[in-house]
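Colleague: Quick one: the structure is below, questions incoming.
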Amino acid sequence: MNFPTIRQWRILWQLLKRDLYIFRASYLDYMINTILWPVQAAVAFGYVFPLMGMDKNYGALIILATFVYKCLYESYFQSSNMVADINNLRSIDFIFTLPVTPWMIVLKNIVYFMIRCFALCAPILLISKAILQDRFPLDQWSPGLSLVAFFATTLFFALFTVWLAGWVKDQLAFEHVWVRFFDLLTTWGGFWFTWHTLYAFSPTLGYITLLNPFTLATEAIRASFFGLSSALAFWPCIGGLLLQAAMIGFIGYRKLKQRLDFVG
């Protein structure tokens, strides 16, 4: 395999800058759309649900799971757009005619996805903390571990985007994927409850959900904020998430190559 030249890296940088420029122009709209759910969730799960007996920190648990859900949604959104383009306009064909290797184009998309998710998720933490106050404790928060968890989560879902673009046939199929696949990932991936709670209900089901990347990402992020008392061990979650990212990235790239019929 030939190593990329400086010229190729410059072309890649210009493509990334173009994507970021387009995203910046619509950032305010995207940010408003992103924070609408966390604001409602912070009030409902942080103040209303405790009146029915839930723990007062339940709202914070839901907010942290929202980070992962947002990455999942962005993966769905971007892969859906890519598939729509592949099946119709085929503007992606022009990108792959540029003097850069195909894997560099995929790398650019991965980096863009990660930057986009970080820019959209960062306000969630600030706004949710402002609403929940002491119901979102930060006394055990490790910012460094949170960055590691968020990096691993965004990397996984960036590669998941490649996997989806390679496998899902069209827009109708994406609807089926959401109902039959994504809902299962979130519901049994610890969005509404912690892994320890699920394990108390059914140890067998708990162990099965350890194969769910949503579980690993959610538990890693919660561990970085609240420690091991309310979440799984941090580094095993990160290791499992990165292993799954490597697997779906490899498979997804090969499948996308076949679908687009490019060489490299």
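The values are calculated or read from the model by the stated rules, or taken from the named source; none is laboratory data. Owing to the predicted nature of the structure, the values given are computational and were not obtained by experimental measurement. We place every Cβ from the backbone using ideal geometry, glycine too, and count neighbours over all the protein chains shown.
Colleague: Just checking, does region 160-176 include any residue being hydrophobic (A, V, I, L, M, F, W, C), closer than 22 Å to residue 225 by Cβ and in contact with a helix residue (DSSP H, G or I) (Cβ under 7 Å, 6 or more places away or on another chain)? Can you show your working first?
Modeller: Residues of region 160-176 that are hydrophobic (A, V, I, L, M, F, W, C), as a first pass: 160, 162-165, 167-168, 172-174.
Narrowing the set further to residues that are closer than 22 Å to residue 225 by Cβ leaves none.
No; the residues of region 160-176 include none that is hydrophobic (A, V, I, L, M, F, W, C), closer than 22 Å to residue 225 by Cβ and in contact with a helix residue (DSSP H, G or I) (Cβ under 7 Å, 6 or more places away or on another chain).
Colleague: Can you tell me which residue in region 193-222 is surrounded by the fewest Cβ atoms within 10 Å (Cβ to Cβ), limited to those that are hydroxyl-bearing (Ser, Thr, Tyr) and under 22 Å from residue 55 (Cβ atoms)?
Modeller: Of region 193-222, the ones hydroxyl-bearing (Ser, Thr, Tyr) are 194, 197, 199, 202, 204, 207, 209, 215, 218.
Now restrict to residues that are under 22 Å from residue 55 (Cβ atoms): 194, 197, 199, 202, 209, 215, 218.
Values: 194: 19, 197: 13, 199: 16, 202: 11, 209: 21, 215: 26, 218: 29.
So the residue we want is 202.
Colleague: If you go through region 227-238 one residue at a time, do you hit one that is of a type in the set (S, T, N, Q), part of a helix (DSSP H, G or I) and at pLDDT 90 or above?
Modeller: Within region 227-238, the subset of a type in the set (S, T, N, Q) is 229-230.
When the remaining residues are screened for being part of a helix (DSSP H, G or I), the result is 229-230.
Subsequent filtering for residues that are at pLDDT 90 or above retains none.
No.
Colleague: Further, regarding this structure: Could you check region 165-219 and list, in sequence order, the residues that are of a type in the set (Ser, Thr, Tyr) and either over 16 Å from residue 66 (Cβ atoms) or free of Cβ contacts under 8 Å to residues at least 24 places away in the same chain (or both)? Working first, answer last.
Modeller: Narrowing region 165-219 to residues of a type in the set (Ser, Thr, Tyr): 186-187, 194, 197, 199, 202, 204, 207, 209, 215, 218.
Scanning region 165-219 gives 187, 197, 199, 202, 204, 207, 209.
Colleague: Within region 242-255, identify whether any single residue is of a type in the set (D, E, K, R), within 30 Å of residue 86 (Cβ to Cβ) and touching a residue at least 24 places away in the same chain (Cβ under 8 Å), and answer yes or no. Spell out how you get there, then give the answer.
Modeller: Filtering region 242-255 for residues of a type in the set (D, E, K, R) gives 254-255.
From what's left, within 30 Å of residue 86 (Cβ to Cβ): 254-255.
Among the residues that remain, those that are also touching a residue at least 24 places away in the same chain (Cβ under 8 Å) are: 254-255.
Among the residues of region 242-255, at least one is of a type in the set (D, E, K, R), within 30 Å of residue 86 (Cβ to Cβ) and touching a residue at least 24 places away in the same chain (Cβ under 8 Å), which makes the answer yes.
Colleague: Here's another thing I want to ask about it. Residue by residue through region 1-27, note down the ones that are β-branched (Val, Ile, Thr) and over 20 Å from residue 78 (Cα atoms).
Modeller: Initial filter on region 1-27 (β-branched (Val, Ile, Thr)): 5-6, 11, 22.
Correct list: 5, 6, 11.
Colleague: Next question. In region 150-166, is there at least one residue being over 22 Å from residue 57 (Cα atoms) and not in a helix (DSSP H, G or I)?
Modeller: No.
Colleague: Taking only pairs six or more apart or across chains, which ones have beta-carbon atoms under 8 Å, a first residue in region 2-25 that is more than 17 Å from residue 96 (Cα to Cα), and a second residue that is part of a helix (DSSP H, G or I)?
Modeller: 20/112; 20/115; 23/30; 23/112; 23/116; 23/119
Colleague: Out of the residues in region 36-89 that are in contact with a Pro (Cβ under 8 Å, 6 or more places away or on another chain) and among the aliphatic types (A, V, I, L, M), which is nearest to residue 159 (Cα to Cα)?
Modeller: Here the residue is 63.
Colleague: Taking the criterion of being loosely packed, with under 15 Cβ neighbours inside 10 Å and either more than 30 Å from residue 179 (Cα to Cα) or not aromatic (Phe, Trp, Tyr) (or both), would at least one residue in region 64-73 satisfy it?
Modeller: Here is the first cut: in region 64-73, the residues loosely packed, with under 15 Cβ neighbours inside 10 Å are none.
No; the residues of region 64-73 include none that is loosely packed, with under 15 Cβ neighbours inside 10 Å and either more than 30 Å from residue 179 (Cα to Cα) or not aromatic (Phe, Trp, Tyr) (or both).
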